[in-house]
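This report refers to the structure that appears directly beneath it.
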Amino acid sequence: MTLPLDTLAGFDTQLAELDALQLRRQRRVVEAVAGPRLRVDGADVLAFCSNDYLGLAQHPALIEAAQQAAAQYGVGATASPLVCGHQAPHAALEQELAEFAGLPRALYFGSGYVANVGLLPALVARGDAVFCDALNHACLIDGARLSGADRHIYPHRDTATLAVQLAASPGRRKLVVTDTVFSMDGDIAPLPELLALCERHDAWLMVDDAHGFGVLGPQGRGSIAHLGISSPRLIYMATLGKAAGVSGAFVAGQDTAIEWLMQRARSYIFATATPAMVVQAVRASLKVIARDDWRREQLQKLVARLRQGTAGLPWRHVESPTAIQPLIVGSNAGAMAAMAALLEQGLWVPAIRPPTVPEGSARLRISLSALHSTADIDRLIAALHGVAKSA
């Protein structure tokens, strides 16, 4: 069936509008070379755009685990976990994830987005209330919308406003939802204060530790270990495609809560299980994360060096202690021009624009990896100053 020409013309008009606003996104063909060194559209670049914070995506132990599992289990799980897709590696991984996070039980999902759009509608529904930080990730926003619960947005990290909202809410069940490390700013949510409010107002706290897991806390055990919080009210979600270097996500918490999620999270029940070769690679990753403290130590050294070197730039360097180091350029065109100028020098630093970030806050989102060297950071600093001077 051919679409009417006026329908296609409507898309053309909308795409042209994206072009005019410097908002059309493009994909690039990327090949791994070594760590943060990539081949992009045929050209070699030093990348500062990856979420592979610990440099594990090409780790030999993870690759070997995946290869051995493919030979033993094949390359597909063949069905959803509640049919016949839940294999011995999946069961072992969930137990190891729960132990790693310091919580009684865990449930493994195919991705962080899949997890969150299933978790929130399983936890709250019409007649309940969900409270979200204004800068939460899109998957948390979408999960909250799908839930049908009354939605309350509080300003970024503003616990005073949240306290007022919680006190005023007649919601049957209350759920506070937040990123731990915010993906576009790199700052950390005030988790102890949020948990105290949940205790006071009989609410649950769900945290998305996508960018903290593996990087923060003793042995990389995440933001809740980093900040030392614990409570039966806590539901902890983290992804395994960033610092862990593989794929998937998990949610951990009290046994009854996880059992309920397994019974009600539609994105778990109705999705084909992740192949065992991926699961085994995650299990290998957990061992490396816990063992290699030098990776987290290297990250902190690189963060300090970068922040020292960006002094004097005309762009605001957001306060962030994590591997995410944004430079706020402001305009979409300015951010795109800076990205292009850096790419000409073989440095890939992505420009992030609305709607991912608020209007007027387009930025260069610098992501650091433990496999970057101090020489790599110095090269980036010099290039940033050069681009800023010529802008």
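Rule-based calculations on the coordinates, nothing more; no lab input. Note that the structure is predicted; figures quoted are calculated from it, not measured. Counting neighbours? That spans all protein chains shown, and the Cβs are built from the backbone with ideal geometry, glycine included.
What is the percent of Cα-Cα separations in segment 60-291 that go past 29 Å? The answer is 24 percent, as a whole percent.
Shown for the chain is the translational diffusion coefficient from the Stokes-Einstein equation, using the Kirkwood radius over Cα pairs, a temperature of 37 °C and a viscosity of 0.692 mPa s: 148 µm²/s.
Here the contact order of segment 60-291, divided by its residue count and restricted to Cα pairs under 8 Å and six or more residues apart, works out to 31 percent. Between exposed trypsin sites (Lys or Arg not before Pro) in the chain, where DSSP calls loop and at most 15 other Cβ atoms lie within 10 Å, what's the longest gap? My reading of the result: 174-391 is the longest stretch. For the chain, calculate the relative contact order in percent as a whole number, restricting contacts to Cα pairs under 8 Å that are 6 or more residues apart. It comes to 23 percent, rounded to a whole number.
In the chain the longest region clear of GluC sites (Glu not before Pro) that are loop-assigned by DSSP and have at most 13 other C-beta atoms within 10 Å covers 1-318.
Excluding Ala338 itself, calculate the net charge of residues whose Cβ lies under 15 Å from the Cβ of Ala338, where each Lys or Arg counts +1 and each Asp or Glu counts -1. Walk me through the numbers before you get to the answer.
Working: positive: Arg316, Arg353, Arg363, Arg365, Lys389; negative: Glu344.
For residues surrounding Ala338, the net value is +4.
Distance between the modelled labels on Cys84 and Thr161, one decimal in nanometres: 5.2 nm (7 Å Cα→Cβ projection). Rounded to the nearest 20, the size of the Cβ-charge dipole of the chain about its Cα centre is 160 debye, with Lys and Arg at +1 and Asp and Glu at -1.
When the Cα positions of Leu119, Gly245, Ile258 are compared along the charge dipole of the chain, Gly245 comes out farthest toward the positive end, with charges on each C-beta of Lys, Arg, Asp and Glu. In the chain, taking the dipole from charged Cβ atoms about the Cα centre, the farthest positive-side position among Leu103, Ala338, Gln300 is held by Gln300.
Based on DSSP H segments of at least four residues, each scored -39500 (n - 2.57), the chain has a per-residue ellipticity at 222 nm of -13500 deg cm²/dmol. Annotation for Leu18 and Ala91: the two label points, set 7 Å from Cα along the Cα-Cβ direction, are 4.5 nm apart.
Given a Förster distance of 25 Å, report the FRET efficiency between Glu259 and Ala71 from their Cβ-Cβ distance, rounded to the nearest 0.05. It would help to have the intermediate numbers written out before the result.
Values: r = 33 Å, r/R0 = 1.34.
Once rounded, the FRET efficiency stands at 0.15.
For segment 88-203, the equivalent ellipsoid derived from the alpha-carbon gyration tensor has semi-axes of 25, 16, 15 Å in decreasing order.
Applying D = kT/(6 pi eta Rh) to segment 241-379, where Rh is the Kirkwood radius over alpha-carbon pairs, T corresponds to 20 °C and eta to 1.002 mPa s, the Stokes-Einstein value obtained is 118 µm²/s. For the chain, the residue among Leu191, Val29, Ala149 whose Cα projects farthest onto the positive side of the dipole built from Cβ charges is Leu191.
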